[in-house]
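Q: Quick one: the structure is below, and I'll ask about it shortly.
The values are calculated or read from the model by the stated rules, or taken from the named source; none is laboratory data. In this text the structure is predicted, and so the values were computed from the model without any measurement. Cβ placement follows ideal geometry from the backbone for every residue including glycine, while neighbour counts extend to all protein chains displayed. Keep in mind that these areas ignore ligands, DNA and RNA; they rest on the heavy atoms of the full protein, side chains included. Shrake-Rupley method; radii C 1.70, N 1.55, O 1.52, S 1.80 Å.
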Amino acid sequence: MKAIPVKVWNRIDMLQKPIAAIARASAGNQKRWVMIDVKRWSVVAQPPHLYHVSDIEFDMALLNKYAEDGDEDLAIVAQTSYYVADVVELYALLLQLEVDPESFNAPWYVGYPL
């Protein structure tokens, strides 16, 4: 079974910082990223979880237009959040989302815009 590289996993496990990967987009003019973050305190009610997974797809033309002004969120065409309780559920979700665990890295290494 493929796994998130240890040095990348340590970023989320030890440093409590997010990791991201590029995933297959639904259209040629779009780009999709999957980001994993640890549970954070929030005033918004969330289901019980250990990891928060964001699946975000951007229109690249709009992203290029709005990124310069820091308005990347205006280019989002699809966004889904998942909450998983443990590592087993996390890998099951990555399999379902068709994301290669070995492709994860720090967000800036994979060009994650947010």
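Q: Contour minus end-to-end for L74 and Q46, with contour as 0.36 nm per residue of separation and end-to-end as the Cα-Cα distance?
A: Value of the extension gain: 7.7 nm.
Q: Tilt of helix 87-96 relative to the longest C-alpha principal axis of the chain, in degrees (0 to 90, nearest 10)?
A: The angle comes out near 40 degrees.
Q: Taking the Cβ of I4 as the center, what net charge do the other residues with Cβ under 10 Å away carry, scoring Lys and Arg +1 and Asp and Glu -1?
A: 0
Q: How large, in Å, is the range 27-83 by the Kirkwood hydrodynamic radius built from its alpha-carbon pairs?
A: Answer for the range 27-83: a Kirkwood hydrodynamic radius of 12.6 Å.
Q: A further question follows. In whole Å, largest first, what are the principal axis extents of the Cα atoms in the chain?
A: Principal-axis extents of the chain (Cα, largest first): 37, 35, 24 Å.
Q: Next question. By how many nm would the segment from Y83 to A3 lengthen if fully extended, with 0.36 nm per residue of separation less the alpha-carbon distance?
A: Here the answer is 26.9 nm.
Q: Report, to the nearest whole %, how much of the accessible area of the chain belongs to carbon and sulfur atoms, 1.4 Å probe, protein only.
A: 55
Q: Skip the ligands, DNA and RNA, and give the accessible area per residue of the chain with a 1.4 Å probe, whole Å².
A: Heavy-atom SASA per residue in the chain reads 60 Å².
Q: About its Cα centre, how strong a charge dipole does the chain have in debye, to the nearest 20, once Lys and Arg get +1 and Asp and Glu get -1 at the Cβ?
A: 300
Q: Moving on. Could you work out [θ]222 nm for the chain from helices alone, using -39500 (n - 2.57) per DSSP H run of at least four and dividing by all its residues? Round to the nearest 500 deg cm²/dmol.
A: Dividing the helical sum by the residues of the chain leaves -6000 deg cm²/dmol.
Q: FRET efficiency for M60 and E102, Cβ-Cβ distance as r, R0 = 25 Å, nearest 0.05? Let's see the in-between values first.
A: Details: r = 24 Å, r/R0 = 0.97.
In this case the efficiency is close to 0.55.
Q: Name the lysines eligible as straight-distance cross-link partners of K31: C-alpha to C-alpha under 19 Å, and not fewer than 8 places from it in the same chain.
A: Qualifying lysines at Cα under 19 Å: K65.
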